[in-house]
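The values are calculated or read from the model by the stated rules, or taken from the named source; none is laboratory data. Bear in mind the structure is a predicted one, so any value in this text is a computation, not a measurement. Neighbour counts run over all protein chains shown; Cβ positions are idealised from the backbone, glycine included. Heavy atoms of the whole protein, side chains included, go into the accessibility calculation; ligands, DNA and RNA do not. Shrake-Rupley method; radii C 1.70, N 1.55, O 1.52, S 1.80 Å.
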Amino acid sequence: MTMNSGVCRYSLVFLLTALAASASEQKGDVGVDFFEGTFKEALEQAKQEDSPLFVDLSIPECASCEFMATKVYTDSKVGEFINARFVSFKLDAYDEEANGPVIAQRYSVGSFPTYLILDPDGNERHRASGSMNSDAFIRSISWLTGETTSPMVNHDSRYESGDRDSDFVQQYLLDSILELKLMPRRADNWEEDMEALSNAESKYKAIANEYFESKSQENLVNSTDFTIIGYYCIYRKDKGFEFVINNFGEYVDATSLERVSNFVLNVITDNAFILAKQGDPTYVELVDLLEEEPLIEAAAFERSLDPESPRLPENQRDHLAETFASGTQDSEE
């Protein structure tokens with residue numbers, strides 16, 4: 001996400017003692033057990049348990065933050081992993097009463113959600129950003145803290161040596177998504193961090209495009225490749241997006257209607273806005289796709305969840321028309 005809604009990540013060394021481990025077993029076994037109290041009190045609790053402090057910094061009306069809160073932190077396996085290793089604290093970075101803006105500025109948080117791992121004195125040891133599913137979240141925190149080793153150095157070397165085994169490249173790309181989520185997005189170093197992230201994304205997207213070309217559409221219809229497509233194919237003209245449109249029903253069967261709908265709706269909504277802002281009238285054709293087969297199914301699913309969703313064609317046409325008019329005026333000037 002952006003400076004106002006991003007994604008993030010970092011790590012930490014596990015310092016659990018037998019006493020801390022025993023205490024963690026007493027915590028709730030359903031989801032992450034977030035400390036109730038102030039940030040200062042959470043640090044004091046971390047000192048008492050001789051444990052690192054895991055901090056989730058989120059903001060209201062952030063889809064990625066909401067996903068983590070409702071889908072990931074409530075997962076029992078995530079709770080088991082996090083509760084055994086950290087005192088956990090959740091902070092609304094906009095909440096002035098909770099000192100959210102001050103704490104976010106203190107740690108130079110530039111995107112949300114951001115995950116910080118602090119020592120009991122409040123010193124940052126690791127960070128990460130962005131939403132991820134439960135398994136990816138556990139792996140990313142494990143990489144950060146050094147509990148497990150990131151495979152990316154070996155992956156890079158193997159790929160650069162010419163290895164193009166399909167199973168290997170698939171895993172390489174899957175791991176690259178976590179690697180990108182672990183790259184810093186610091187508010188006080190934003191431009192440099194974003195340039196480094198952009199360069200890395202370009203590198204892996206080129207590998208992804210080569211990988212997509214090496215496989216038939218039929219062999220790309222699986223949950224793992226859909227995850228790769230979902231991350232690297234964010235533009236309407238990306239071949240991975242075309243694969244999904246051409247095999248919409250098959251991808252729904254391989255994953256879920258929710259996952260496929262979210263993907264196509266995000267791509268179309270984002271790209272239609274970009275085109276409208278550029279004064280390109282073809283944004284209308286893009287929105288029209290949501291009223292045609294097969295993408296009408298994605299719109300219908302979204303409508304069943306939220307008739308007011310801004311991703312629905314009927315709810316974005318007026319806004320896009322205004323954006324287009326503004327974009328046309330800007331181009332004429």
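List of remarks:
- Out of Asp188, Asp175, sole residue that is loosely packed, with under 15 Cβ neighbours inside 10 Å and either among the acidic types (Asp, Glu) or in contact (Cβ under 8 Å) with a residue 24 or more places away in the chain (or both): Asp188
- Some residue of the range 228-239 being at negative phi and over 24 Å from the mean Cα position of the chain (by Cα): no
- Residues within the range 35-68 that are over 30 Å from Arg259 (Cβ atoms) and either assigned to a loop (DSSP other than H, G, I, E, B) or in contact (Cβ under 8 Å) with a residue 60 or more places away in the chain (or both), tallied: 12
- The residues of the range 90-102 that are open to solvent by 10 Å² or more (accessible area, probe 1.4 Å) and touching a Leu at 6+ places or on another chain (Cβ under 7 Å) amount to a single one, Ala98.
- Against the criterion of being more than 16 Å from the chain's Cα centre (by Cα) and either open to solvent by 60 Å² or more (accessible area, probe 1.4 Å) or more than 27 Å from Tyr107 (Cα to Cα) (or both), Glu201 does not qualify.
- Among the residues of the range 237-261, the ones that are farther than 17 Å from Ile296 by Cβ and assigned to a loop (DSSP other than H, G, I, E, B) come to 4 in all.
- Each residue in the range 32-66 was checked for being among the acidic types (Asp, Glu), open to solvent by 40 Å² or more (accessible area, probe 1.4 Å) and under 18 Å from Asp95 (Cβ atoms), and 4 pass.
- Among the conditions (1) touching a residue at least 24 places away in the same chain (Cβ under 8 Å); (2) outside any helix (DSSP H, G or I), the only one that Tyr211 does not satisfy is (2).
- Answer residue from the range 282-309, given it is open to solvent by 80 Å² or more (accessible area, probe 1.4 Å) and in contact (Cβ under 8 Å) with a residue 12 or more places away in the chain and is nearest to Tyr251 (Cα to Cα) among those: Glu297
- Residue in the range 69-87 that is in contact with a strand residue (DSSP E or B) (Cβ under 9 Å, 6 or more places away or on another chain), free of Cβ contacts under 8 Å to residues at least 60 places away in the same chain, over 30 Å from Met194 (Cβ atoms) and assigned to a loop (DSSP other than H, G, I, E, B) present: no
- Scanning the range 108-148 for residues that are in a loop (DSSP other than H, G, I, E, B), open to solvent by 40 Å² or more (accessible area, probe 1.4 Å), in contact with a Ser or Thr (Cβ under 9 Å, 6 or more places away or on another chain) and more than 18 Å from Val32 (Cα to Cα) yields Gly146, Glu147, Thr148.
- Annotation: of all residues in the range 149-166 being in contact (Cβ under 8 Å) with a residue 40 or more places away in the chain and open to solvent by less than 60 Å² (accessible area, probe 1.4 Å), the one that is nearest to Ser129 (Cα to Cα) is Tyr159.
- Count of residues meeting criterion [outside any loop (DSSP other than H, G, I, E, B) and farther than 19 Å from Asp193 by Cβ] in the range 149-159: 7
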